[in-house]
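Below is one structure, written out as structure tokens; the observations come after it.
The values are calculated or read from the model by the stated rules, or taken from the named source; none is laboratory data. Here the structure is a predicted model, which means the values were calculated and not measured. Ideal geometry is used to build each Cβ from the backbone, glycine not excepted, and the neighbour counts take in all protein chains shown. With ligands, DNA and RNA removed, areas are computed over all heavy atoms of the protein, side chains included. Shrake-Rupley method; radii C 1.70, N 1.55, O 1.52, S 1.80 Å.
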Amino acid sequence: MTAYTICVFTENTIGILNKITTIFTRRRINIDSLTVSETERKGISRFTIVIHHESREAVEKLVRQIRKVIEVLAVFGYLNEDIAYNEIAMFKIPTPIGAKPLDIETINKVHKAWVVYWHLTYVIIQKTGTEEEIFEFFDYIKPHGILEFVRSGRVAVSKSPQTLVDYLPEAEWEYYQ
Amino acid sequence: MEFNENQTQDAQIAEKPAPIATPELINGSHALIQSLIAEGVETIFGYPGGAIMPVYDAIYDYQEQVNHILVRHEQGAAHAAEGFARISGKVGVCLATSGPGATNLVTGIADAIIDSTPMVCIVGQVGSHLLGTDAFQETDIIGVTIPITKWNYQITNPDEIPEIIAKAFYIAKSGRPGPVLIDITKDAQQKLMSKPFLHKKCEKLLSYRPRLAPKEDQVAAAAKLINEAKKPFILVGHGVQIAGAEQELLQLIEKADIPAASTLLGLSSISVDHPNYVGWLGMHGNYGTNVLTNQCDVLIAIGMRFDDRVTGDVSRYAKQAKVVHIEIDPAEIDKIIKANAPVVGDAKKALEMLIPLLKENKHEAWRAEFKKFDAIEDEKITQPELAPTTEKIKMAEVIRTLSDKTEGQAVIVADVGQHQMMTARYYQFKKPNSFITSGGLGTMGYALPAAFGAKVGAPDREVVTIIGDGCFQMTIQELGTIAQSGLPVKIIILNNNFLGMVRQWQQLFHQKRYSFVELQNPDFITIAKGFGIDGHTCGAREDLNDSLDKMLASDKPYLLEVLVEKEENVFPMVPTGACVADIRLE
Ligand SMILES: Cc1ncc(C[n+]2csc(CCOP(=O)(O)OP(=O)(O)O)c2C)c(N)n1
């Protein structure tokens, strides 16, 4: 199974998420992660969808089906090597009195993770990185006990120098100030 | 502050009385009708109900401009709109209320998307303040129809109406046509627009840009393959008729002398009389067309999508051939069959560009190959079916006699089942745009309303529909619509007292275990007469000619029931999962 990152640019309208995901559902393709946000252009949303699939051909067909959704402006399918990508994770770690103290230096310097909230009985640590880096940290911190763990979907930007405007030259984009 | 989704809202927001439309500012319902008129709509197939009543109130004022036809079930409206669209090339329009009215359209919408039929369905919705409250007749029809519409949209503000309706028509008709559903909340129908009504046709969208003219290099690559071919073979799909490319197709096959076969929905795009026409493709298609698919060297598919009923086992389909695929929908390229030379564009445009690049050619020996198979099929299947020695009438005789009497010029609308396959086999189409049937979805009950819609769309043409006794009972109530309109739709029921196609499969693949396929039927003629439609039952071969003559001579709707052999099978047949070359003759 190969990981594919599919970036979909759409008009930001009600129900568009449903219109996109139903294309996956119908083909029984499981979505590993999904992130949606507005882009640098007003009214244009960017979906970053990660799936695993054994057939590149099937993913190419999927991409062409997504392109058929009327509100979709552009779709790109990427292999991991085509993109710079990251995720963000948050860990709630207990810090009871008498327990082994957290090694903040290792957490910061080795794992590039940061405590973002202190409480009397726990801390919240934020870690940004790839899935592998996050799970490396997960294994490191596990002995302390994990009260809660959450991982965001992937965000990714292609390494290609082209921008969306290159694909949609006719568009008159309104940029954020 | 934590978000609390359990906060209840006061559901008792009073509905304000609808403001009265002024000459300057009109309400959403009037805006809707005016937008439809601006889009050239003359006919609406519909059915009223609570959530669409403001629109019906408005239609009352526009009866001169738009012909609203009251169907008997919303499924009938959808199929009628499809039949209308298929024959006229215009967008079919249907109108229904929310909830059950909208869900009754669903089968027709699913049928329209898979058969690329342009349609705009307008449905009412509960007031916007009631959305999500499980209000009376509230169905999330947007959610329901996402996978079966080309586009759908919910309007909650009357100001949006002109722009959205214009967009709906543009999307439905352009590129690969398809159904669009517009859901309009009741308050948006009632409220006044905040600005003067202005309808501008939509000509272009940023996100949706169908390609009409293919890329020149793609056309050149296709031309090269075709010019080098020794045994080229053309597959004519529905796209030829949708694009109106019948003339270009003739030029192509004549210039390069290529044999051409047709998919179910491509039928009638080339006349059966044309020397290069070699027949019908697929599961119940002709012998030669199927076998020789696996012997041609270049397969030229035009406006078709390699449906599994055409290809049989894909892994053994035309493996030896280079494939040229001319298709407007890029998602169809390589979806089922890999194309060596894809040509993305409208069939007419593509052929116009392709023809000048083609060499004049002769492929007589290759074309003659098809004849050899025809002779075998003729002897084993066609002749015995057309001139049977058995007592009971066979479907094939009825269809061929009808074909002769109408000189292959009628609009034929077939329902789904054995009678559909027999119609495709035995009607000899000689005029383009003459065959309408539910191909992709195989929707039983399609034909009666679709034939009515076709008659509305082409009042000057003879429209004859061929329906099985099972199918007929799925949309039988549309006899009422036909009777009320008075339009002379000619209806033939081929009555075998069976769900024949299913029975055939049970016979061939389930050891004749006939599981729930026998029908005890009503007296169809009495039913027709109850609707005010004249009819006749033909049970004997001697009576067939006269019965058909009488039906065709009638200037009113007419029902002819023909009692046919009960356990007849459709052959040839490529069983599911078999290879096209292994087509069975018995
Ligand atoms: C709505 C729907 N339900 C079920 C089927 C499955 N089906 C396909 S053909 C057929 C039998 C049709 O019977 P009839 O109308 O009598 O035609 P015949 O095959 O006997 O000519 C059935 C049940 C279908 N295609 N559509």
statement: Sorted largest first, the C-alpha extents of segment B:218-303 along its principal axes in whole angstrom are 32, 29, 22
task: Return a whole-number percent for the relative contact order of segment B:391-564, with Cα pairs under 8 Å and 6 or more residues apart as the contact set.
output: 23
task: Taking all pairs of distinct Cα atoms, average 1/r, flip it, and tell me the Kirkwood hydrodynamic radius of segment B:257-324 in Å to one decimal place.
output: 12.2
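Ratio of Rg to Rh for chain B, alpha carbon only, Kirkwood?
Working: Rg = 25.2 Å, Rh = 25.2 Å.
Ratio value, two decimals: 1.00.
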query: With contacts defined as alpha carbon pairs under 8 Å and 6 or more residues apart, what's the relative contact order of segment B:216-369 in percent?
result: 32
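Tell me the chymotrypsin sites (Phe, Trp or Tyr not before Pro) within segment B:450-522 that lie in a loop according to DSSP and have at most 12 other beta-carbon atoms within 10 Å.
Within segment B:450-522, the qualifying chymotrypsin sites (Phe, Trp or Tyr not before Pro) (loop, at most 12 other Cβ atoms within 10 Å) are B:Phe516.
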Buried area at the A-B interface (accessible, heavy atoms, 1.4 Å probe, summed, Å²): 1700
task: Skip the ligands, DNA and RNA, and give the accessible area per residue of chain A with a 1.4 Å probe, whole Å².
output: 57
- prompt: Rounded if a/c is under 1.5, else prolate if a/b is larger than b/c, else oblate: which is segment B:216-369, with a ≥ b ≥ c the root eigenvalues of its Cα gyration tensor?
  reply: rounded
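Under a 1.4 Å probe, what is the accessible area of segment B:112-242 per residue, stated in Å²?
Working: 5140 Å² over 131 residues.
Per residue, segment B:112-242 has 39 Å² of solvent-accessible surface.
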- line: For the pair B:Asp582 and A:Asp32, the simple spin-label estimate (label points 7 Å beyond Cα toward Cβ) gives in nm 3.9
field: the protein assembly as shown - convex hull of the alpha-carbon atoms, volume per residue in Å³
entry: 207
- line: Scattering profile of segment A:1-68 from the Debye formula, Cα beads only, expressed as log10 I(q)/I(0) at q = 0.18, 0.26 Å⁻¹, is -0.65, -1.25
message: If I take every Cα pair under 8 Å that is 6 or more residues apart in chain B, average their sequence separation and divide by the length, what percent do I get for the relative contact order?
response: 14
task: List the extent of the Cα atoms of chain A along each of their three principal axes, largest first, rounded to whole Å.
output: 63, 42, 31
task: Work out, in µm²/s and without decimals, the Stokes-Einstein translational diffusion coefficient of segment B:51-104 at 4 °C, 1.567 mPa s, Rh from Kirkwood over C-alpha pairs.
output: 108
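Expressed as a whole percentage, what fraction of the accessible surface of segment B:5-190 belongs to carbon and sulfur atoms when a 1.4 Å probe is rolled over the protein heavy atoms?
Numbers: 3610 of 7080 Å².
That fraction is 51 percent.
Given the convex hull over the Cα atoms of segment B:328-465, what projected area results after averaging over all orientations, in nm²?
Values: hull surface 48.5 nm².
Average projection, Cα convex hull of segment B:328-465: 12.1 nm².
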Helix B:395-405 vs. chain B, principal-axis angle (Cα, 0 to 90°, nearest 10): 80
statement: Mean other chain Cβ within 10 Å across A:13-21 is 3
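Determine, for each peptide in A:76-88, B:429-441, the mean count of other beta carbons within 10 angstrom over its residues, then list the peptides with the highest first. Don't skip to the end; give the middle numbers.
On the way: A:76-88: 15.6, B:429-441: 22.7.
Packing order, densest peptide first, comes out as B:429-441, A:76-88.
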Label-to-label distance, nm, for residues given as B:Glu567 and B:Ala375 (7 Å Cα→Cβ offset): 3.4
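Considering only DSSP beta bridges whose two residues both sit in the protein assembly as shown, what percent are antiparallel, to the nearest 5? Kindly include the intermediate steps, with their values, before the conclusion.
Working: 49 of 116 bridges.
If I count the DSSP bridges inside the protein assembly as shown, around 40 percent turn out antiparallel.
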- request: Apply 1/(1 + (r/R0)^6) to the Cβ-Cβ distance of B:Lys224 and B:Gln383, taking R0 = 30 Å, and write down the FRET efficiency to the nearest 0.05.
  value: 0.10
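Would you mind getting the accessible area per residue of segment B:391-564, heavy atoms of the protein chains only, 1.4 Å probe, in Å²? Don't jump to the answer; show the numbers that get you there.
On the way: 6260 Å² over 174 residues.
Result: 36 Å² per residue.
Checking the a/c ratio against 1.5 first, then a/b against b/c, what shape does the Cα gyration tensor give for segment A:84-151? Intermediate results must be reported in sequence, preceding the final value.
Details: a/c = 1.93, a/b = 1.75, b/c = 1.11.
Verdict is prolate for segment A:84-151.
Write down Rg/Rh for segment B:391-564, rounded to two decimals, with Rg from the C-alpha atoms and Rh from the Kirkwood relation over Cα pairs.
Radius of gyration over Kirkwood radius for segment B:391-564 works out to 0.94.
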message: How many angstrom lie between the Cα centre of segment A:72-124 and the Cα centre of segment B:540-583?
response: 71
query: If A:Met90, B:Met573, B:Met53 are ordered by their accessible area, calculated over protein heavy atoms with a 1.4 Å probe, which sequence runs from highest to lowest?
result: B:Met53, A:Met90, B:Met573
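Beyond 30 Å, what share of the Cα-Cα pairs of segment B:5-190 is found? Please give it as a whole percent. Display every interim value, and only then the final one.
Values: 2397 of 17205 pairs.
So the pairs more than 30 Å apart make up 14 percent of the total in segment B:5-190.
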- prompt: Once you average over the residues of A:70-83, how many Cβ atoms of partner chains fall within 10 Å of each Cβ?
  reply: 2
Shielded residues, segment B:150-196 - accessible-area loss of 30 Å² or more between chain alone and all protein chains, probe 1.4 Å: B:Trp151
Spacing of the two label points (7 Å from each Cα toward its C-beta) at B:Asp555 and B:Phe516, in nm: 4.7
task: Calculate for the protein assembly as shown the 222 nm mean residue ellipticity that helices alone would give, adding -39,500 (n - 2.57) per DSSP H run of length 4 or more and normalising by residue count, nearest 500 deg cm²/dmol.
output: -9500 deg cm²/dmol
field: Accessible-area composition of segment A:84-151, carbon plus sulfur, in percent [1.4 Å probe]
entry: 60
